[in-house]
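For reference, the structure is listed below as structure tokens.
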């Protein structure tokens, strides 16, 4: 018998790439098909409709987004076309199948921290606002799901999508990085995140969920932990305060509570410190080992 098709958008991105690579291990019952930006313009309705009619997916995990905050600020109209309009188009096509939309912790303003799913959202930038609007579209269908994803550590197929890759590229260019001691996130390794997503799909409990690591860490703490894995970072990072930052508004504390999705999983979501201490490695990617704490 043919396997049902799981369609992954944003296949050349960070999370989409890991979802596809991890599927043989965590989602063997699915025939996984990835869509990259080069293969499909999700803002082109006729193209998307044709692909849908060709594949007839039984599941969609929608990872594709215009996620660079600076790019979104420069072109809000394009950000809305990609992050809102394309999401609505896909959600409408998927009206009678599971649809999982990956949102962001940036729908919050960062004034509270340890956010729960029931907390009020108040995005400070264009990217966060488009994600918040797309959430409303997706949640009109009670069979669809919104997963707010935290800062994710990993290696993307194009080597330019994760915050780890951004940091390494910046210091390789000879630029010093100022990492704030008072700006907090709940970073999560990509390997653990995609395992959680695949398990979530099998649970068949749609809704709104947060998905991040179990440690609240400052940007400075994250940087010093990464320096243990990438020694070239250490001489090029310095601590600072978000209060001294001049530029677009920054959310000081985007930590999220992931207890709701944790209750559905067979493993304990790891923190970044625990993950790095275990020195996971498959090939050359330290984030691609899917071993996690089962306790």
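All but one of (1) under 20 Å from residue 203 (Cα atoms); (2) in contact with a helix residue (DSSP H, G or I) (Cβ under 6 Å, 6 or more places away or on another chain); (3) assigned to a loop (DSSP other than H, G, I, E, B) hold for residue 103, so report the exception by its number.
(3)
Quick one: residue 70 ticks every box in (1) surrounded by fewer than 16 Cβ atoms within 10 Å (Cβ to Cβ); (2) touching a strand residue (DSSP E or B) at 6+ places or on another chain (Cβ under 8 Å) except a single one, so which number is it?
(2)
Just name the residue that is farthest from residue 15 (Cα to Cα) out of those in region 211-228 that are in contact with a strand residue (DSSP E or B) (Cβ under 6 Å, 6 or more places away or on another chain) and part of a helix (DSSP H, G or I).
Per the criteria, the residue is 220.
How many residues are closer than 30 Å to residue 126 by Cα, part of a loop (DSSP other than H, G, I, E, B) and out of contact with any helix residue (DSSP H, G or I) (no Cβ under 7 Å at 6 or more places or on another chain) if we restrict to region 11-63?
7
Within region 143-162, how many residues turn out to be under 18 Å from residue 185 (Cβ atoms), in contact with a strand residue (DSSP E or B) (Cβ under 6 Å, 6 or more places away or on another chain) and not in a strand (DSSP E or B)?
Residues that pass the stated criteria total 2.
Does residue 30 satisfy the criteria of being over 20 Å from residue 135 (Cα atoms), touching a strand residue (DSSP E or B) at 6+ places or on another chain (Cβ under 7 Å), surrounded by 13 or more Cβ atoms within 10 Å (Cβ to Cβ) and modelled with pLDDT of 95 or more?
Yes, satisfied.
Scan region 229-273 for residues that are touching a residue at least 60 places away in the same chain (Cβ under 8 Å), part of a helix (DSSP H, G or I) and surrounded by 13 or more Cβ atoms within 10 Å (Cβ to Cβ) and jot them down.
Passing the criteria: 233, 236, 242, 260, 261, 272.
Considering 22, 103, 70, which residue is at pLDDT below 90, at negative phi and within 21 Å of the chain's Cα centre (by Cα)?
One residue alone meets the criteria, 70.
Which residue is farthest from residue 212 (Cα to Cα), if the candidates are limited to region 106-124 and must be surrounded by 19 or more Cβ atoms within 10 Å (Cβ to Cβ) and in contact with a helix residue (DSSP H, G or I) (Cβ under 6 Å, 6 or more places away or on another chain)?
My answer is 123.
The values are calculated or read from the model by the stated rules, or taken from the named source; none is laboratory data. Values in this document were obtained by computation on a predicted structure and should not be read as measured data. Every residue, glycine among them, receives a Cβ derived from its backbone with ideal geometry; neighbour counts consider all protein chains shown.
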